[in-house]
Structure formats: structure tokens, C-alpha cells
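The values are calculated or read from the model by the stated rules, or taken from the named source; none is laboratory data. It should be emphasised that the depicted structure is a prediction, and the values quoted were computed from it without experimental measurement. Every residue, glycine as well, gets a Cβ built from its backbone with ideal geometry; the counts of neighbours run over all protein chains shown. Only protein heavy atoms, including side chains, enter the accessible area calculation; ligands, DNA and RNA are left aside. Shrake-Rupley method; radii C 1.70, N 1.55, O 1.52, S 1.80 Å.
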Amino acid sequence: MNNMYRNIPKVDLIIEALCDESLDVFSHREKSDAARDVLDEIRGEIKNLDLNNQDDIVDIEKKLSLEFIVGMAKNRLTKSMEKSLKKVINATGVVLHTNLGRANLSKRAIEAVEKIAGEYSTLEYDESIGERGSRHAHTEELITKITGAEASIVVNNNAAATMIVLAAMARGGEVIVSRGELVEIGGSFRIPDIMKESGAVLKEIGTTNKTKPGDYEDAINENTKAILKVHTSNYKVVGFTQEASLPELKEIAVENDLPLIYDMGSGLLRDLRKYGIGEPCVEDAINEGADLVLFSGDKLLGGAQAGIIIGKKEYVDRLKKHPLARALRVDKMTIAAICETFRAYLNEDTVNDEIPVLKMLTSDIDDLFERARKLEDLIISKSQIINTDIIKTKNKVGGGSAPDTELDGYAVVINIEDMTPDDIEMALRAGEIPIVARITNNQLLLDVRTIRDEDIDYIANRIKEIAMS
Ligand SMILES: *Cc1c(COP(=O)(O)O)cnc(C)c1O
């Protein structure tokens, strides 16, 4: 055993061997750390060696060669470069896939981020007067123009928007919410919890399935600070149900001099009903009298993660001055992305093409079939042990939006000889660009609605690779 320890190559020799050009990006420190880590690992193995096991002894002796150890150190170095946050291909058909990062930015939004990220900017500077400006000004002008609201502020996400609105408008007082709208969005975002954190007191009214305008009226007292309506974005209560509409609530709010707050969740800007998506529209919410409307930047709007708050100037000014505004503010990259996302909405004719989320949601069914055909052709032209089929599927909007909406779609079914759907699914995830597929009725499906044209070749090649291995 002592002999083995003595045969371990010296660390300097390993570092020297790591000095080839392809490893120039790594510092001397990183190389020496990698070398020492590998040597520690091998010493550990020697220590735990069973001297009666001849196979293990032969195995370790092989590992003591300089070449082997350098190889291990190289692997360690390149592994350390591998990014944890990386591109995946979404073949699930779920457009706003929460685990896969929700909305993809549009080209123009990406370009805007790129232009601003590495430069000084007018983030809080008004170049026309040479003085300090407001970071809210950049988004506010566009957002008010497009939504018709008086004022706007953008914060970190919609959860943050809810938090700051409740804290600024209702701390120490009561906020009335229907029992049918006490939403959990996922993880720890629950309306009652957010309410508690904000310092406002939740006043629950009505029942799970029915809340009438009169229930709101009955609950109002001298401690009431606001009425909150929450869009039940990720579930639907069906059957014997009733909820108070915004116009009904507006009447009550005006009569009692209370602000009406509406947490919309998704923030659909343009009517998508003709594409089968019946989510409420931001503009309607403002027109119907909500004083503050809150929605996400990266759900149906199709932009960056953000919480967009629009409404009465008086209230938005209060939010801008609140200490949480600083804690929840967005950076220049988000502002750039949100501005360009909204700007795309100025052109009704091109917006559905420019915003990837809208493009995917409004895809023509014939185009989806064509994409499935193209993918299938590329796959079967490459191998005989792969068997494919095209089937009709139902696609989801995702991201906790439009839970009862199912869009017609197409998927390519992949069968590979001697592989189960689970085997294929796992192999697809293990490639350089992970492909996230889904298994339905024990079939592996590549749903094409969320697959981008530029990724089709990669997917076809990857499937061929998997079949051949
Ligand atoms: C999604 C959602 C939120 C949370 O928005 P994030 O941007 O994910 O923080 C809050 N309220 C409703 C109704 C939602 O649908």
C-alpha cells in the first residue's frame, strides 16, 4: 500500500500537464485545486482498498498513471465551466412553463437589454436638464399610453406588486377579499400570507362558491382601507357560483370612498378570445373602474419577470414613495426589456408575431401540423430503428393562466427500438441542450407548439444519436 502512495504522481507534474492551450481560460490556482482534488480522491481510494481484492488493486494501479490523473483533472476543470442556468428546448406544449422560465423575450427586447447592460445609461438621469431623473419614467410613459391608465410603477414581480400595494394602501387596516379568491399561486405565495406580511388585515367575505356585492357592503366599516379583487388565474370554480364584477365593486368602492385593487395575475393586453383564450384584459380592468391593477411581466404579456402596477396617479405616487419601492425595484435590464415588450404592442398588426408567447399561443393549427411533419421527416430520414407518428394533442397556456383553456396542437410520437418512453425522456434531457418532452398514455411526445423552428434540426439529430447509442 505504501508503494501505491509513493507511486502517486507529484502535483507539479499534473499542473504542468494541464498547461495546454485549450485550458488557458483556467488560472494556475484552478488547475492546482483540480489536481489536488483528484489526488485527494485517489488517496481516499487507496486508504479504503481491500488488499484481498485483486481486481481493485489492478484498478487503482491503473489510476495512478499521470495520463489518467491529468484526464480526471481536465474533466473537473471543464465540468466547473458548465453552466447551471442554460437553454433547454421546451417540447411540452406548455407555453408559459414556470419551471422553464415562463416567457421568452422578443428579439427587440433582447436587443434592448444587450444595448444597455454593459453601458452607463439614463437609468436615473434626465440628460435634457442634466439632473437626476426617475427610473420609473422610462416604463411609465409607454405603459400608460398602451393601457390607458394614469400612472404606473414596475416592481420585481407580481408577488412584490401585491405586497407593496397592500402595505402602502392598507397597513393597519382591513382589506376585503372574497373567500372564492383566496388564491395560492404556488410555493408560499398565498393571498392571506401576503396580506399578513404587508401589515393589512384580511377581511374574508362570502363563501367559496358565492360572493355577492352585498357581502362587500356588509363588511365595510371604519377600519376598511380597500377592496381587493383577485383573478382566480390558476383555477376555476364552476357550477353554482357567483362573484361580484368589477363594475359592481366600483360602485361600492366609490360610495364608500375606498380604493378598488385588482390583482389580475396574467395581464393579457390584447383580447385573445378568438384564439380560444378567455382571460380578462388589462384595458378592460382600467375601463371598468379598478383604481390599481397588478399583473406579471412574464406571463401573457410576454416580457421579463416584473410586477406591473397601473392605475390612479394619486395611488401610484403613494407606491413610489413607499420604502418597499426601493427594496422591490427593478434594474436597468428589466426596464429595457419591459419597455420594448410594451412598445411591440403599439403595432396591432405585428405584435402577435413579435412577442414569442403570443406567437406560440396564436399559432395556426395548419402551421403546427407542418412543423410536426418537418420534424418527423428529419427524424425518419435518419434511421430505421426509430418509429414516429403525428398525433393531435391539447396544449396548455401554463404559468397559472387560463386553467380551463386547451388549445389544439400536434406532437410527434417517438418510438425507439429497445427503449421505453422513460428511457427516451431521460436521454433527451441528458444532451448538451436538454430537451424537455412529455409522456402521455405511455407515449413519448414532442409537442411542437413550443418548439422553435431553429431547434428542429438539433432535436432530430439528438434523437438519431440516442437511437444509435
Ligand atoms: C402569477 C400571479 C401572481 C404572482 O405573480 P409573479 O409575477 O409570479 O410574482 C400573483 N397573483 C396572481 C393572481 C397571479 O396569477
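Odds and ends about this structure:
- Of everything listed in (1) aliphatic (A, V, I, L, M); (2) farther than 30 Å from residue 467 by Cβ; (3) out of contact with any helix residue (DSSP H, G or I) (no Cβ under 6 Å at 6 or more places or on another chain); (4) open to solvent by 10 Å² or more (accessible area, probe 1.4 Å), the single unmet condition for residue 380 is (2).
- Some residue of segment 393-401 being under 30 Å from residue 236 (Cα atoms), among the charged types (D, E, K, R) and open to solvent by 20 Å² or more (accessible area, probe 1.4 Å): yes
- Of all the residues in segment 132-141, those that are without any contact (Cβ under 8 Å) to a residue 40 or more places away in the chain, assigned to a helix (DSSP H, G or I) and charged (D, E, K, R) number 2.
- Residue 309 being surrounded by 24 or more Cβ atoms within 10 Å (Cβ to Cβ) and outside any strand (DSSP E or B): no
- Hits in segment 165-192 - residues which are loosely packed, with under 15 Cβ neighbours inside 10 Å and among the polar types (S, T, N, Q): 188
- Taking each residue of segment 142-160 that is within 16 Å of the ligand (Cβ to nearest atom) and looking for partners that are basic (Lys, Arg) with beta-carbon atoms closer than 7 Å, six or more apart or interchain, yields 153/320; 155/329.
- Candidates 105, 96, filtered to the one that is surrounded by 19 or more Cβ atoms within 10 Å (Cβ to Cβ), in contact with a Lys or Arg (Cβ under 6 Å, 6 or more places away or on another chain) and either among the small types (Gly, Ala, Ser) or within 19 Å of residue 303 (Cβ to Cβ) (or both): 96
- Flag for residue 452 being in contact with a helix residue (DSSP H, G or I) (Cβ under 9 Å, 6 or more places away or on another chain), buried (at least 18 other Cβ atoms within 10 Å of the Cβ) and charged (D, E, K, R): no
- Residue among 179, 190 that is within 16 Å of the ligand (Cβ to nearest atom), basic (Lys, Arg) and in contact (Cβ under 8 Å) with a residue 12 or more places away in the chain: 179
- Boolean, residue 278 is of a type outside the set (Ser, Thr, Tyr) and away from the ligand (no atom under 13 Å from the Cβ): yes
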